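Right, one structure below, let's go through it.
The numbers here are math on the coordinates, done by the rules we state, and not lab data. Bear in mind that the values here come from a model prediction, so they are computed numbers and not experimental data. Note that each Cβ is placed from the backbone with ideal geometry, even for glycine, and that neighbours are counted across all protein chains shown.
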């Protein structure tokens, strides 16, 4: 990303504690980007697809931290939808998950995620993934 300070960080995470840890970790790494959180996959998809108010603004930069295990719509389905929607397929997506299943990680990479981090999240690695071009 050319200007990571202006990039909005979207967090799709159903667990309040995990979401708070992500936000604290980002702050500890010196990232003061705007953050928007979604409590399930359906809420995230509504924002990203323009079906909610507010919704994604095409002139802004975003990175999505996407949990795989969420209610209403899981992260894998959100990832599939994003990568098959032409205006959204270039959104940077970092998967955050408790899974260590290599097949699931491979599937996410094949679908086009920018990275995969297991929980508990290493804040320094996450910050690097967010700020690197």
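Here are 31, 66: which of them is within 14 Å of the chain's Cα centre (by Cα) and under 21 Å from residue 7 (Cβ atoms)?
Values: 31 fails: within 14 Å of the chain's Cα centre (by Cα).
Unique residue meeting the criteria: 66.
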Seminar exercise, completed: Of those in the range 1-15 that are part of a loop (DSSP other than H, G, I, E, B) and either touching a residue at least 60 places away in the same chain (Cβ under 8 Å) or within 13 Å of the chain's Cα centre (by Cα) (or both), the residue nearest to residue 129 (Cα to Cα) is 1
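Residue-by-condition table, conditions (1) in contact with a strand residue (DSSP E or B) (Cβ under 8 Å, 6 or more places away or on another chain); (2) more than 16 Å from residue 120 (Cα to Cα); (3) outside any helix (DSSP H, G or I):
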{"site": "17", "(1), (2), (3)": "no, no, no"}
{"site": "42", "(1), (2), (3)": "no, yes, no"}
{"site": "47", "(1), (2), (3)": "yes, yes, no"}
{"site": "52", "(1), (2), (3)": "no, yes, yes"}
{"site": "60", "(1), (2), (3)": "yes, yes, yes"}
{"site": "64", "(1), (2), (3)": "yes, yes, yes"}
{"site": "77", "(1), (2), (3)": "no, yes, no"}
{"site": "86", "(1), (2), (3)": "no, yes, yes"}
{"site": "90", "(1), (2), (3)": "no, yes, yes"}
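Looking only at the range 111-133, count how many residues are within 18 Å of residue 28 (Cα to Cα), in contact with a helix residue (DSSP H, G or I) (Cβ under 8 Å, 6 or more places away or on another chain), outside any loop (DSSP other than H, G, I, E, B) and in contact (Cβ under 8 Å) with a residue 24 or more places away in the chain.
Number satisfying all stated conditions: 5.
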Problem set entry | Only one of 51, 72 that is farther than 20 Å from residue 110 by Cβ and either surrounded by 13 or more Cβ atoms within 10 Å (Cβ to Cβ) or touching a residue at least 60 places away in the same chain (Cβ under 8 Å) (or both) | 72
Exercise. Among all residue pairs at least 6 apart or on different chains, which show Cβ distances below 6 Å where the first residue, located in the range 17-29, is touching a residue at least 24 places away in the same chain (Cβ under 8 Å) and the second is part of a helix (DSSP H, G or I)?
Worked result: 25/123; 28/123; 29/123; 29/127
Exercise. Out of the residues in the range 75-87 that are free of Cβ contacts under 8 Å to residues at least 60 places away in the same chain and within 17 Å of residue 14 (Cβ to Cβ), which is surrounded by the fewest Cβ atoms within 10 Å (Cβ to Cβ)?
Worked result: 77
For this session: Test residue 108 against the criterion of being in contact (Cβ under 8 Å) with a residue 12 or more places away in the chain, part of a helix (DSSP H, G or I), surrounded by 14 or more Cβ atoms within 10 Å (Cβ to Cβ) and touching a strand residue (DSSP E or B) at 6+ places or on another chain (Cβ under 9 Å), and give yes or no.
Result: yes
